[in-house]
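A quick write-up on the structure given underneath.
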Amino acid sequence: MTAIGEPHRRRLVRRSTLLLALAQALVQVAFPVLLVVGSVEIATMTGHDAATGYLNAVYFLSAAGGAALLGRAMDRVGRRPGLLASYGLLGLAGLGGAASVATGSWLGLLACALPFGAGSGGANLARVAVADMYAPEERGRAVGVLLAAGTIGAVGSPFLVAALQRVELGAGNAVLPWGLVLGGALGASVCVLAVRPDPRDLAVLGQEDAAPARPRVELLRVPAVRVAILAAAVAQMAMIALMGATPVALHHRDVSGAAISSVIGVHIAGMFALSPLVGALLDRFGRRAGLAAGGICSLVGALLASTQAGALVVGAGLFAVGLGWCATFLAATAVISDATTPAERAGALGVNDLIVSLSSAGAAVAGGLVFEHAGYRMLGLATAALVVVILRSAGRVRAVPVQASEG
């Protein structure tokens with residue numbers, strides 16, 4: 001590729017960041033549809049609350065495979081083709097979900113979680129494209145801005161779902177929300193098609209970045225990378241165990257659909273809304289502080305949710321869990337990005353997402369079973385106990401090797 005002058009490169013970086021942020025906002029419309037509509041529908045179709053856990057487990061198993069495969073593909077052919085493939089899978093899931101709900105097929109809905117998960121796993125690697133374009137001292141804030149952009153779609157989606165569910169169709173009122181998944185995927189694809197050149201070609205390079213990409217096994221030997229993956233996996237498990245069961249738990253307590261959507265919207269706001277601030281604090285105070293703060297927020301949130309003291313308190317608890325996830329997710333992403341070169345970054349974060357998604361699948365099944373047999377309160381307490389692992393692991397993060405921290 002022809003060398004790009006630094007002033008022109010910075011202009012391209014700003015434009016690409018804006019387009020990727022808009023794509024993230026559009027694609028984040030998708031997941032709440034599976035959570036708010038899919039979870040309740042599959043529990044209703046089967047008559048078993050544990051089915052919610054199975055739906056989420058299939059989603060996360062597929063997300064694991066999608067993250068690993070699409071991450072490796074992004075290292076080989078670029079960030080844009082991988083993201084476009086991810087959005088195509090999400091669009092397919094939107095069509096399949098609508099058809100499954102319309103025909104009352106719980107097996108179809110379960111199968112629809114496969115492309116949904118794979119597409120989401122790849123779409124989440126948009127942060128790799130942003131991390132490529134920024135130096136380590138700016139990376140936390142830049143990835144935080146990307147996550148914040150997702151707030152628009154992710155927080156707004158549950159309310160759009162609630163509005164669409166009030167539209168009566170002959171097939172029922174749970175069909176129309178799946179159109180949000182297809183529309184978000186199409187809009188995100190248009191944005192990424194406009195990103196030129198590929199973000200990998202705008203990467204900030206250091207003196208070690210010309211070296212061949214290290215094998216995944218060698219990357220996993222870096223202590224900071226291992227700790228980051230562990231913390232990210234535990235934070236995700238805690239969030240999924242609670243988030244997956246909450247809509248059904250509130251539904252059982254005759255909480256309105258609008259109130260349930262509000263609780264999920266508040267939770268998603270915790271995940272994304274403050275991410276630029278969280279990212280800036282990570283750049284200032286370090287990755288270890290971010291992991292510790294994330295663990296504390298998640299712990300407090302799980303304990304609040306376990307009180308079952310109404311939608312308002314449960315919503316506050318889920319907001320804290322979401323904020324804890326945000327801090328842990330950004331800190332783990334920063335640690336891994338700092339420790340890798342552009343040639344291996346997508347694959348490394350794909351491995352992280354693979355492990356995180358596999359852990360989440362286990363948490364989804366276990367959370368569903370605990371919820372059905374022991375109740376929501378016990379699920380919250382068990383989640384709080386799990387989060388203690390984050391706090392123990394945060395203290396083990398040390399500075400990354402010199403080669404990794406060079407921009």
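The values are calculated or read from the model by the stated rules, or taken from the named source; none is laboratory data. As the structure is a computational prediction, the values presented were derived from the model and not from experiment. Positions of Cβ are backbone-derived with ideal geometry, glycine not excepted, and every protein chain shown enters the neighbour counts.
Of all residues in the stretch 81-99, those being without any contact (Cβ under 8 Å) to a residue 12 or more places away in the chain and buried (at least 24 other Cβ atoms within 10 Å of the Cβ) number 0. Only one of the numbered conditions (1) farther than 27 Å from THR341 by Cα; (2) surrounded by fewer than 24 Cβ atoms within 10 Å (Cβ to Cβ); (3) touching a Phe, Trp or Tyr at 6+ places or on another chain (Cβ under 9 Å) is not met by SER62, and that is (1).
Residues that are farther than 22 Å from GLY156 by Cα and assigned to a loop (DSSP other than H, G, I, E, B): does the stretch 223-236 have at least one? No. In the stretch 335-353, which residues are crowded, with 19+ Cβ neighbours inside 10 Å, in contact with an Asp or Glu (Cβ under 8 Å, 6 or more places away or on another chain) and assigned to a helix (DSSP H, G or I)? Within the stretch 335-353, PRO342, GLU344, ARG345, ALA346, GLY347 meet the criteria. For the condition free of Cβ contacts under 8 Å to residues at least 24 places away in the same chain and either within 30 Å of ILE4 (Cβ to Cβ) or surrounded by fewer than 21 Cβ atoms within 10 Å (Cβ to Cβ) (or both), LEU110 does not qualify. Being in contact with a Gly (Cβ under 8 Å, 6 or more places away or on another chain) and closer than 23 Å to LEU219 by Cβ is a property that MET133 lacks.
Against the test of being closer than 30 Å to VAL388 by Cβ and surrounded by fewer than 22 Cβ atoms within 10 Å (Cβ to Cβ), the options PRO223, PRO215 yield a single qualifying residue, PRO223. Among all residues of the stretch 227-247, there is none that is crowded, with 17+ Cβ neighbours inside 10 Å and either at positive phi or more than 19 Å from the chain's Cα centre (by Cα) (or both). Could you say whether any residue in the stretch 335-352 is at pLDDT 85 or above and over 19 Å from GLY140 (Cα atoms)? Within the stretch 335-352, one or more residues are at pLDDT 85 or above and over 19 Å from GLY140 (Cα atoms). The sole residue among GLY78, GLY71 that is surrounded by fewer than 21 Cβ atoms within 10 Å (Cβ to Cβ) and over 22 Å from GLY244 (Cα atoms) is GLY78.
Annotation: GLY310 fulfils all but one of (1) touching a helix residue (DSSP H, G or I) at 6+ places or on another chain (Cβ under 8 Å); (2) more than 22 Å from LEU274 (Cβ to Cβ); the unmet one is (1).
Just so you know, in the stretch 300-334 the residues that are closer than 23 Å to GLY140 by Cα and among the polar types (S, T, N, Q) include one that is surrounded by the most Cβ atoms within 10 Å (Cβ to Cβ), and it is THR328. Could you check, for the stretch 266-287, whether at least one of its residues is more than 24 Å from VAL387 (Cβ to Cβ), surrounded by 21 or more Cβ atoms within 10 Å (Cβ to Cβ) and touching a Pro at 6+ places or on another chain (Cβ under 8 Å)? No, every residue in the stretch 266-287 fails to be more than 24 Å from VAL387 (Cβ to Cβ), surrounded by 21 or more Cβ atoms within 10 Å (Cβ to Cβ) and touching a Pro at 6+ places or on another chain (Cβ under 8 Å).
Of all residues assigned to the stretch 153-176, none qualifies as being of a type in the set (Ser, Thr, Tyr) and either outside any helix (DSSP H, G or I) or more than 19 Å from the chain's Cα centre (by Cα) (or both).
With buried (at least 21 other Cβ atoms within 10 Å of the Cβ), farther than 14 Å from ALA332 by Cβ, of a type outside the set (Asp, Glu) and modelled with pLDDT of 85 or more as the only criterion, which of VAL370, VAL356 stands out? When all the criteria are applied, what remains is VAL370. Here GLY144, GLY184, GLY140 are screened, and the one residue that is within 23 Å of the chain's Cα centre (by Cα) and under 17 Å from LEU35 (Cβ atoms) is GLY184.
Filter the stretch 1-59 down to residues that are in contact with a Leu (Cβ under 8 Å, 6 or more places away or on another chain), within 18 Å of ALA135 (Cα to Cα) and at pLDDT below 90 and give me whichever is surrounded by the most Cβ atoms within 10 Å (Cβ to Cβ). Ranking the qualifying residues of the stretch 1-59, first place goes to ARG9.
Let's see how each residue does on (1) within 19 Å of GLY108 (Cβ to Cβ); (2) among the charged types (D, E, K, R):
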position	(1), (2)
ARG141	no, yes
VAL155	no, no
LEU164	no, no
GLY179	yes, no
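Consider the stretch 128-137. How many of its residues are charged (D, E, K, R) and under 21 Å from the mean Cα position of the chain (by Cα)? Total satisfying the criteria: 1.
Rundown of residues vs (1) touching a Phe, Trp or Tyr at 6+ places or on another chain (Cβ under 9 Å); (2) small (Gly, Ala, Ser), yes/no style:
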residue	(1), (2)
ALA259	no, yes
LEU282	no, no
ARG287	no, no
GLY301	yes, yes
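Figure legend. Inter-residue proximity from the stretch 137-161: first residues of a type in the set (Phe, Trp, Tyr), second residues in a helix (DSSP H, G or I), beta-carbon distance below 7 Å, spacing 6+ or different chains. Indicated pairs: PHE159/SER261; PHE159/GLY265.
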